[in-house]
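Undergrad: Mind having a look at this structure? Questions to follow.
The values are calculated or read from the model by the stated rules, or taken from the named source; none is laboratory data. Keep in mind the model is a prediction, meaning the values are calculated, not measured. Here the Cβ positions follow ideal geometry from the backbone for every residue, glycine too, while neighbour counts run over all protein chains shown. Ligands, DNA and RNA are excluded from the accessible area calculation, which covers all protein heavy atoms including side chains. Shrake-Rupley method; radii C 1.70, N 1.55, O 1.52, S 1.80 Å.
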Amino acid sequence: LSQALRRQGWHWAHAGAVGHAQGAVLLCGPGGSGKSTSVLACLAAGLGYLGDDYCLIRSTPSPQVASLYNTAKLKTPDDASRLPHLPPVRTKRPDGKLIYWLYPDLAVQLLDTAPLRAVVLPVITPGLTQSYLRPCSPTQALRSLAPSSLLQLPGAGQTALQGLAQVVRTLPCYELKLSPHLTQIPPLLQTLLPT
């Protein structure tokens, strides 16, 4: 599947994505950086969902993201308690992660594809009371996106690295410093999307 997708210019990305049909934001970072929680906070605020952990991206003819799954996962029941809008848990994995099927309950918010407008790196920041965005370099974004994308996925190599690099070079990149207040996340990401 990875090889067939690469022939079409698509690359697997260890990232989440939210937005609407006119544009989406890619959220990338290592496990535990806040990708899933940020994506699901945006889902609660009415934004469209393209993935919370894995999705497809391509750089040509212009940056785009595509959904792979209609499931979402959270690490702990404590995370889930902060997101009461989610459908009931369908599966609890042996590692304790909770898996949610977003279809059919949230079908209206599930997107197939969208143009990418920005790359965002969530950073959990203890003691912060107000979440905020700050610009970062494409190099920093690639360091956040590429290692886990390339190491976790079969057959990823130089072509995939070049595709990921092209995406982050083309788009504005930001760090999202995260406070514990999840409702602060969606308005910040919406500022990066077309109205």
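Undergrad: Per the 1.4 Å probe, what fraction of the accessible area of the chain, in percent, lies on carbon and sulfur atoms?
TA: Looking at the chain in its full context, I get 56 percent from C and S.
Undergrad: Moving to a separate point now. What dipole magnitude, in Debye to the nearest 20, does the chain give about its Cα centre under +1 on Lys/Arg Cβ and -1 on Asp/Glu Cβ?
TA: For the chain, the charge dipole is close to 300 debye.
Undergrad: What three numbers, in Å, describe the spread of the alpha carbons of the chain along their principal axes, ordered from the longest?
TA: Here the spans come out as 40, 34, 32 Å, largest first.
Undergrad: May I pose another question? Of S131, P94, V119, which is farthest along the charge dipole of the stretch 75-142 in the positive direction, counting Lys and Arg as +1 and Asp and Glu as -1 at C-beta?
TA: Among S131, P94, V119, the one farthest towards the positive end of the dipole of the stretch 75-142 is P94.
Undergrad: Aspartates and glutamates within cross-link reach of K75: Cα-Cα under 20 Å, excluding same-chain residues under 8 positions apart?
TA: D52, D53, D95
Undergrad: What ranking do 49-58, 65-74, 107-116 get when scored by the average of other Cβ atoms within 10 Å per residue, highest first?
TA: By packing density, highest mean first, the sequence is 49-58, 65-74, 107-116.
Undergrad: Sort the following peptides by mean Cβ neighbour count (other Cβ atoms within 10 Å, averaged over residues), highest first: 76-89, 8-21.
TA: Highest to lowest by the protection proxy: 8-21, 76-89.
Undergrad: 7 Å from Cα along Cα→Cβ at both Y132 and K97: what's the point-to-point distance in nm?
TA: Reported label-point gap for Y132 and K97 is 3.2 nm.
Undergrad: Counting Lys and Arg as +1 and Asp and Glu as -1, each charge on the Cβ, what is the dipole of the stretch 83-129 about the Cα centre in debye, to the nearest 20?
TA: It works out to roughly 140 debye.
Undergrad: Provide the per-residue ³J(HN,Hα) series for the stretch 163-171, in order, calculated from phi with Karplus coefficients 6.51, -1.76, 1.60 and θ = phi - 60°, each as a whole number of Hz, with x at glycine and proline positions.
TA: x, 5, 5, 5, 4, 6, 6, 7, 9
Undergrad: Right, here's the next one. If amide H atoms are built 1.01 Å from N in the plane of the peptide, which residues on other chains or at least 5 residues away come under 5 Å of the amide H of G51?
TA: Correct list: A17.
Undergrad: Skip the ligands, DNA and RNA, and give the accessible area per residue of the stretch 46-148 with a 1.4 Å probe, whole Å².
TA: So the stretch 46-148 comes to 51 Å² accessible per residue, rounded to a whole number.
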